[in-house]
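Below is one structure; the comments refer to it alone.
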Amino acid sequence: MLSFDFDYHAPSTLKEAVSIYQILERQGKQPLFYGGGTEVLTLGRLNLVYSDALIDIKNIPECRVQMLTDKHLVLGAALTLTALTERNLFPLLSKTARGVADHTARNKITLGGNICGEIFYREAVLPFLLTDSYAVIAGNEIRTVSFDEVFNQFLQLGKGEFLVQLITNRNDLRLPQFHIKRRKQWNIGYPLVTVASIKKAGTVRIAISGLCPFPFRSKKLEEALNNNDISIESRINEAIQHVPSPILHDVEGSDEYRIFVLKNTLQDVLESYQGGES
């Protein structure tokens, strides 16, 4: 049970959603946009999230789009992870999404909810960090911005803004890719580290979740991994120097153990591309 009461709003257009937020805020309320609501329920029960007015974006058509055009894949923020994996238009995203929670939860968890959430892992972020992707954000205006510019530890949304869609270059969807999720116990519990990767124009790109309190992609880490003048071991040791801090240290695994797991995983990534397409 949630410890707070809230008003429920279900707008059918982007303009209506933004207008409702602004009206509620002027009334002194603390409105919150949501899609699946799983994190609101989970964190609300722990008193880590509070809202007295929830704005459900699932009825907004733009937020439920799943469309492949000649040049782009367009995915609405209110699509569930199950809906994404069933159509499998973005294979790397499908692989990543299948590792989030269990099937019952994935029927509720939305793409936007996972990306905009408060939990550490947010694995659905990883494929968008790697590809040429854009975020469509609604607020006083509708803006489209490069995903790697608007995501820094968290999706950088302004007050009263919400994520509408993710747009990805179609040419990036079928690039050589790698995905692995390492847990302390093979398929139980939270991940020690999740790594997603693509190889584009001969260069390996890496995005990581579970190592730090936020998912990330580091260009300097990638530069080290792509230095073919030195051994794989040396490349990995150099790359580790560019991991951001802090590194998680909890019951799932110590910071030292997580680095050990990451090193082994990075070796798997590099070896998977040897002799493959560029």
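Grab the other residues whose beta carbon is less than 12 angstrom from that of F6, score K and R as +1, D and E as -1, and report the net.
Details: positive: K29; negative: D5, D7, D52, D56.
Here the charged neighbours net out to -3.
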Q) Once a ≥ b ≥ c are taken as the square roots of the eigenvalues of the Cα gyration tensor of the stretch 119-184, is the result rounded (a/c under 1.5), prolate (a/b larger than b/c) or oblate (a/b not larger than b/c)? A) oblate
Q | Extension gain from R26 to R143, taking 0.36 nm per residue of separation minus the Cα-Cα distance | A | 39.8 nm
Q | Where chymotrypsin sites (Phe, Trp or Tyr not before Pro) fall in DSSP loop in the stretch 166-255, at most 10 other Cβ within 10 Å | A | W186
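What number, in percent, do you get for the relative contact order of the chain if the mean sequence gap of Cα pairs under 8 Å and at least 6 apart is divided by its residue count? Kindly include the intermediate steps, with their values, before the conclusion.
Numbers: 533 pairs, mean separation 40.1, N = 278.
Taking the mean separation of contacting Cα pairs over the length of the chain, I get 14 percent.
If eta is 1.306 mPa s and T is 10 °C, what Stokes-Einstein diffusion coefficient results for the stretch 183-278, Kirkwood Rh from Cα pairs, in µm²/s?
Working: Rh = 13.8 Å.
For the chosen part, D equals 115 µm²/s.
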**Q.** Volume in Å³ per residue [convex hull over Cα atoms, computed for the chain]
**A.** 131 Å³
Q.
Longer than 32 Å from Cα to Cα, which of K15/K200; K108/K263; K184/K219 are they? Say none if no pair is.
A. K15/K200; K108/K263
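Would you please name the trypsin sites (Lys or Arg not before Pro) within the stretch 125-194 that are DSSP coil residues with at most 16 other C-beta atoms within 10 Å of their C-beta? Spell out each step's value before the answer.
Values: sites: R143, K159, R170, R174, K181, R182, R183, K184; in loops: K159, R174.
Sparse-neighbourhood loop trypsin sites (Lys or Arg not before Pro): K159, R174.
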Q.
For the chain, take the longest principal axis of its alpha carbons; what is the angle in degrees between that and the long axis of helix 14-26, to the nearest 10 within 0 to 90?
A. 70 degrees
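Suppose only helical runs count, i.e. DSSP H with n ≥ 4. What mean residue ellipticity at 222 nm does that imply for the chain under -39500 (n - 2.57) per run, divided by all residues and rounded to the nearest 500 deg cm²/dmol?
Mean residue ellipticity, 222 nm, calculated: -9000 deg cm²/dmol.
Taking 4 °C and 1.567 mPa s as the conditions, I'd like the Stokes-Einstein D for the stretch 217-257 in µm²/s, using the Kirkwood hydrodynamic radius from alpha carbon pairs. Mind dumping the intermediate values first?
Working: Rh = 11.2 Å.
Diffusion coefficient, whole number: 115 µm²/s.
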Q: Treating each Cα of the stretch 61-170 as an identical point scatterer and ignoring solvent, apply the Debye formula and state log10 I(q)/I(0) at q = 0.12, 0.18, 0.19 Å⁻¹.
A: -0.35, -0.83, -0.94
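Under 8 Å for C-alpha pairs, at least 6 residues apart: give me the relative contact order for the stretch 83-180, rounded to a whole percent.
The value is 29 percent.
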Q) In the stretch 109-262, if every C-alpha pair distance is counted and binned at 5 Å from zero, what percent goes to each bin? A) 2, 9, 17, 21, 19, 15, 10, 5, 2, 0, 0
Q: List the residues whose amide H sits under 5 Å from the amide H of V164, counting only those 5 or more places along or on another chain, with H placed 1.01 Å from N in the peptide plane.
A: V136, I137, A138
Q | Positive-end extreme of charge dipole, the stretch 61-170 - chosen from T85, S133, V164 (charges on Cβ) | A | T85
Q. Reachable aspartates and glutamates from K159, Cα under 18 Å, same-chain residues fewer than 8 places away excluded?
A. E16, E25, D52, D56, E118, E141, E149
Q | the stretch 193-247 shape via C-alpha gyration tensor axes, a/c threshold 1.5 | A | oblate
Q) Relative to the longest principal axis of the chain, what angle (0 to 90°, nearest 10) does the C-alpha long axis of helix 255-273 take? A) 70 degrees
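Taking the Cα centre of the chain as origin, work out the dipole magnitude from +1 charges on Lys and Arg Cβ and -1 charges on Asp and Glu Cβ, in debye rounded to 20.
I would put it at about 440 debye.
Quick one: pull the percent of accessible area on the stretch 100-231 belonging to carbon and sulfur, 1.4 Å probe, ligands and nucleic acids left out. Let's see the in-between values first.
Working: 2660 of 5820 Å².
With neighbouring chains kept in place, the figure for the stretch 100-231 is 46 percent.
Enumerate by residue number the GluC sites (Glu not before Pro) in the stretch 116-204 meeting two conditions: DSSP loop (anything except H, G, I, E, B), and at most 16 other Cβ atoms within 10 Å of the site's Cβ. Before the final figure, lay out each step's value.
Working: sites: E118, E123, E141, E149, E161; in loops: E118, E141, E161.
Those that pass, being in a loop and sparsely packed, are E118, E141.
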Q. Once amide H atoms are built 1.01 Å from N in the peptide plane, which residues 5 or more positions from K200, or in another chain, come under 5 Å H to H?
A. R205
Q) What ³J(HN,Hα) values, in whole Hz, does the Karplus curve 6.51 cos²θ - 1.76 cosθ + 1.60 give for the stretch 153-158 when θ = phi - 60°, with x put for Gly and Pro? A) 6, 9, 5, 8, 9, x
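Averaging sequence separations of C-alpha pairs under 8 Å and six or more residues apart, then dividing by the length of the stretch 177-275, give the relative contact order as a whole percent.
Details: 144 pairs, mean separation 24.3, N = 99.
Computed over the stretch 177-275, the figure is 25 percent.
The values are calculated or read from the model by the stated rules, or taken from the named source; none is laboratory data. Computed from a predicted structure; not experimentally measured. No Cβ is skipped: glycine too gets one built from the backbone with ideal geometry, and neighbour counts run over all protein chains shown. Calculation scope for accessible area: heavy atoms of the full protein, side chains included, ligands and nucleic acids excluded. Shrake-Rupley method; radii C 1.70, N 1.55, O 1.52, S 1.80 Å.
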